[in-house]
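In what follows, a single structure is set out as structure tokens and then discussed.
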Amino acid sequence: MPTTLLPVLLGAHIALAVGLFLPSILLPFTLRTRRAAVESDSPVVRGLLWSQTHGTLVMGAGLALTGIGLLAVLGPTIVQQPWLLVALAIYAANLALAFFIQRPNLRRLVGIKAAADDRSWKERARRQRYVSYLMAGLVGTIGFLMSSKPTLW
């Protein structure tokens, strides 16, 4: 595979990676209202809900294909770039957070209306927002590593 494909593959890969995580990061912030998120009139919230339930398989498959393409283009030079290995490890941790913690808990909270005095629902929604902050921080760390390409060892 020619190296001229690298910018296209990298751009597509980054867009798919961000698109895959965006609903998991942003949806907990829609849980601040007393109305269930699935009843929202906001096209942004509805788009995030659709992406969370229907788009993950397509984006995940595209991400895997572009990742394989990037590995084919970069070849063994990937192990000569420690920042990239660290970024991949952070991405794997973020993926685990999204699919094993964030998504199942969001699925339980998104369709529920919260009463004004429902402390347990509010507490669970707050915890989901904290997980979102953590995930956003990890994405930011990956962005920092990609832009600065530091010499780690």
Tally up the carbon and sulfur contribution to the accessible surface of segment 67-137 as a whole percent, 1.4 Å probe, everything protein left in place.
-> 66 percent
With r defined as the distance between the Cβ atoms of Ala72 and Ser120 and R0 fixed at 35 Å, what FRET efficiency is calculated, to the nearest 0.05?
-> 0.10
Which whole-number percent gives the relative contact order of the chain, counting Cα pairs below 8 Å spaced six or more residues apart?
-> 37 percent
Surface per residue (accessible, 1.4 Å probe) for segment 58-104, Å² | 51 Å²
log₁₀ of I(q)/I(0) at q = 0.12, 0.20, 0.25, 0.26 Å⁻¹ - segment 59-142, Debye sum with one point per alpha carbon = -0.51, -0.98, -1.23, -1.26
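The values are calculated or read from the model by the stated rules, or taken from the named source; none is laboratory data. Since we're looking at a predicted model, the values are computed, not measured. Neighbour counts are summed over all protein chains in view; Cβ atoms, including those assigned to glycine, are modelled from backbone coordinates with ideal geometry. Surface accessibility is based on the protein's heavy atoms, side chains included, excluding ligands, DNA and RNA. Shrake-Rupley method; radii C 1.70, N 1.55, O 1.52, S 1.80 Å.
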